[in-house]
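Visitor: Below are the structure tokens for one structure; questions will follow.
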Amino acid sequence: MKISPLQKARYEYKPKLPLMLRGGIAEISVSEGAETKSVADCEKIQALFPNTYGKKEITFKKGQNTSTAKKQVVGVILSGGQAPGGHNVICGLYDALKSTNPENVLYGFKNGPIGLIEDNYIIFDDEYIDQYRNTGGFDIIGSGRTKLETKEQFAIVAEVCKKHGITAIVIIGGDDSNTNAAVLAEYFAAKNTGVQVIGCPKTIDGDLKNEDIECSFGFDTATKTYSELIGNIGRDANSAKKYWHFVKVMGRSASHVALECALQTQPNLCLISEEVSAKKMSLSQIADYIADSVADRAAKGMNFGVAIIPEGVVEFVPEFSVLISEINELLAGSKADAFNALATWAEKYAFIEKGLTKASMDVFSILPQSIQQQLFLERDPHGNVQVSLIESEKLFSALVADKLAARKKEGTYKGKFSPLHHFLGYEGRCAFPSNFDADYCYSLGYNAFMLIQYGYNGYLSKISNLSKPASEWIAGGMPITKMMNIERRHGEDKPVIKKALVELDGKPFKFFEANRATWAVETSYVYPGAIQYYGPAEVCDITTRTLALEKE
């Protein structure tokens, strides 16, 4: 297999571990803290997790290993969307497992949770693992989005574990995947199978975050990758001086990715969905806000700029959320067939006009036709609008163009507005992990095995103090149930890990808020450049601006 010089060099990189995990397994002891409770709905969560709820937080430290020595056969899966560093979680897990006992075995179940159901696996060895050290992607075993949530599935998984003598399962995933890990752990405990379940926090979106999880893995690399591209776009804009670039960035509902990219690159504008919601901003108000910056810059002879748009922003516009709800109701059941049978867009538009309230129709009518049609194209498995597919970067540039055209007629705007559009998403999910993510992920995997070795079940591998050098990181674990609350899902109350949105009173947003008025009018772009792997620590090992500001 042909490999690039960088890939060859990254194979040889030795990830840094927290001090308490260095020096060999025999020198790692455990310290237990206080019992925990869930972030909300304590009684309901406890009732659902009687065997795994309320367990103690733990921290590893230097000292004599007091765990019971036994052969460990561990299974690992990658669940959900890709995030840089996933391979290193598996490498860290493998290295800890083999250094404890060369007879220990690591099974990799293929293509996500479905691999456990179908008993589709590989057994890792040194030769195979060494091909994936410090590399991006999830191609080591593949990933998938099958959910482990039914008793029938759990029974199959239990049989697969029994067949191979598996003592523990490590699930590498986001909030939904780790919720499934907690439910599976409870099932195994209730059935007294002896199989442990450990989770690892993954998502580039940054919304798997709380007082215990300072940062999910992959966020650092993805935002650095996007910021490099946004910096390049900013430099191009400042060179050509004739285009406004609207850049949508991935991140699901939360705006963590957009905010971090704005902190790194200082664009003229960045929408924050959580602020849009808090201020109950309408589409028209958002368009005016962007148009003001365009006009102010044009008055200074600068008919160019950069605007960052978070992926899920339209969900946070109150009037748009109501519109989506009405569309979902309009196309419920057999009504969807009647709509789809109409031959022309004019006929469909008339159908829509009859079915929406006047308030929602007023919103719908100002949308560009391409966006209107997107709302009635692909539906999710439940028949709902797939909001993430809406090209919001094109939506807002079109609305801004209309605002500026009206201002021209009034004589209040004399500039030129030429928009270009970008969507940054998949470009960052499988990038070569930064040194931070390479170290963090390796530590998460190594730490996950220590949780297994000490007999913990239903725990999340936890590495904290991440704004400091790796030697000062703190390794430990927390019960997954501590992060859970009850939410309404598909008409039922479900235990889920609470998603973290951008905190408008947090230091990262406050820094952005204090500077954005200047960035809106001036050309203050920062050009981060490519991720650096070799050189001084202040260049190669730096973490995100978000984490640095939070830990000031």
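The values are calculated or read from the model by the stated rules, or taken from the named source; none is laboratory data. Just so it is clear, the structure is predicted and the values come from calculations on it, not from any experiment. Because the Cβ atoms are built from the backbone with ideal geometry, glycine has one as well, and the counts that use them run over all protein chains shown. The protein model used for the area step is the full one, side chains on, heavy atoms only, and it has no ligands, DNA or RNA in it. Shrake-Rupley method; radii C 1.70, N 1.55, O 1.52, S 1.80 Å.
Visitor: Can you tell me how many residues in the stretch 451-496 are of a type in the set (A, V, I, L, M), at pLDDT 95 or above and open to solvent by 20 Å² or more (accessible area, probe 1.4 Å)?
Guide: Total meeting the criteria: 1.
Visitor: For residues that are open to solvent by 10 Å² or more (accessible area, probe 1.4 Å) and among the aromatic types (Phe, Trp, Tyr), tally how many sit in the stretch 181-218.
Guide: 1
Visitor: Then there's this: Please verify whether Ser38 is open to solvent by less than 40 Å² (accessible area, probe 1.4 Å) and under 18 Å from Lys482 (Cβ atoms), treating the condition exactly as stated. Lay out the reasoning, then the answer.
Guide: On the way: open to solvent by less than 40 Å² (accessible area, probe 1.4 Å): yes; under 18 Å from Lys482 (Cβ atoms): yes.
Here the answer is yes, as Ser38 does meet what is asked.
Visitor: Would it be correct to say that Gly333 is over 30 Å from Thr523 (Cβ atoms), of a type outside the set (A, V, I, L, M) and out of contact with any helix residue (DSSP H, G or I) (no Cβ under 7 Å at 6 or more places or on another chain)? Before the answer, list the steps.
Guide: Values: over 30 Å from Thr523 (Cβ atoms): yes; of a type outside the set (A, V, I, L, M): yes; out of contact with any helix residue (DSSP H, G or I) (no Cβ under 7 Å at 6 or more places or on another chain): yes.
Yes, satisfied.
Visitor: On to the next question. Counting only residues that are open to solvent by 20 Å² or more (accessible area, probe 1.4 Å) and either among the basic types (Lys, Arg) or not in a loop (DSSP other than H, G, I, E, B) (or both), how many does the stretch 276-288 have?
Guide: Step one: of the stretch 276-288, the residues open to solvent by 20 Å² or more (accessible area, probe 1.4 Å) are 277-282, 284-285, 288.
Next, from what is left, pick out any that are either among the basic types (Lys, Arg) or not in a loop (DSSP other than H, G, I, E, B) (or both): 277-280, 284-285, 288.
Result for the stretch 276-288: 7.
Visitor: Could you list, ordered by first residue, the pairs with Cβ atoms under 8 Å in which the first is in the stretch 346-372 and open to solvent by 50 Å² or more (accessible area, probe 1.4 Å) and the second is of a type in the set (Phe, Trp, Tyr), at least 6 apart or interchain?
Guide: Once the first residue is open to solvent by 50 Å² or more (accessible area, probe 1.4 Å) and sits in the stretch 346-372, its partners that are of a type in the set (Phe, Trp, Tyr) give Phe351/Phe339; Gln369/Trp345.
Visitor: What single numbered condition from (1) loosely packed, with under 15 Cβ neighbours inside 10 Å; (2) touching a Gly at 6+ places or on another chain (Cβ under 9 Å) fails to hold for Asn178?
Guide: (1)
Visitor: Same structure, new question: Provide a single number: the residues in the stretch 425-463 that are basic (Lys, Arg) and in a helix (DSSP H, G or I). Lay out the reasoning, then the answer.
Guide: The first filter runs over the stretch 425-463 and keeps only residues basic (Lys, Arg), leaving 429, 462.
Within this subset, residues satisfying the condition of being in a helix (DSSP H, G or I) are 429.
So the count comes out to 1.
A quick yes/no check of all residues on (1) among the hydrophobic types (A, V, I, L, M, F, W, C); (2) over 30 Å from Asn134 (Cβ atoms); (3) touching an Asp or Glu at 6+ places or on another chain (Cβ under 6 Å); (4) not in a helix (DSSP H, G or I):
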site	(1), (2), (3), (4)
Gln7	no, no, no, no
Ala34	yes, yes, no, yes
Ser38	no, yes, no, yes
Lys70	no, yes, no, yes
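Visitor: Looking only at the stretch 16-35, filter to residues that are of a type in the set (A, V, I, L, M, F, W, C) and open to solvent by 60 Å² or more (accessible area, probe 1.4 Å); which one of those is farthest from Gly477 (Cα to Cα)?
Guide: In the first step, residues of the stretch 16-35 are kept if they are of a type in the set (A, V, I, L, M, F, W, C); the result is 17, 19-21, 25-26, 28, 30, 34.
Okay, now just the ones that are also open to solvent by 60 Å² or more (accessible area, probe 1.4 Å), so 19, 26, 34.
Working: Leu19: 16, Ala26: 19, Ala34: 12 Å.
For the stretch 16-35, the residue satisfying everything is Ala26.
Visitor: Quick check on Ile531: is it β-branched (Val, Ile, Thr) and open to solvent by less than 10 Å² (accessible area, probe 1.4 Å)? Steps first, answer last, please.
Guide: On the way: β-branched (Val, Ile, Thr): yes; open to solvent by less than 10 Å² (accessible area, probe 1.4 Å): no.
Here the answer is no, as Ile531 does not meet what is asked.
Visitor: Mind telling me which of the residues Asp337, Asp296 ends up being charged (D, E, K, R) and modelled with pLDDT of 95 or more?
Guide: Numbers: Asp337 fails: modelled with pLDDT of 95 or more.
Asp296 is the lone residue from the list that is charged (D, E, K, R) and modelled with pLDDT of 95 or more.
Visitor: Within the stretch 294-335, how many residues are surrounded by fewer than 15 Cβ atoms within 10 Å (Cβ to Cβ) and of a type in the set (Gly, Ala, Ser)?
Guide: Total meeting the criteria: 7.
Visitor: Go through (1) out of contact with any Pro (no Cβ under 7 Å at 6 or more places or on another chain); (2) at pLDDT 95 or above; (3) surrounded by 15 or more Cβ atoms within 10 Å (Cβ to Cβ); (4) outside any helix (DSSP H, G or I) one by one and return the number of the condition Lys499 breaks.
Guide: Of the numbered conditions (1) out of contact with any Pro (no Cβ under 7 Å at 6 or more places or on another chain); (2) at pLDDT 95 or above; (3) surrounded by 15 or more Cβ atoms within 10 Å (Cβ to Cβ); (4) outside any helix (DSSP H, G or I), the odd one out for Lys499 is (2).
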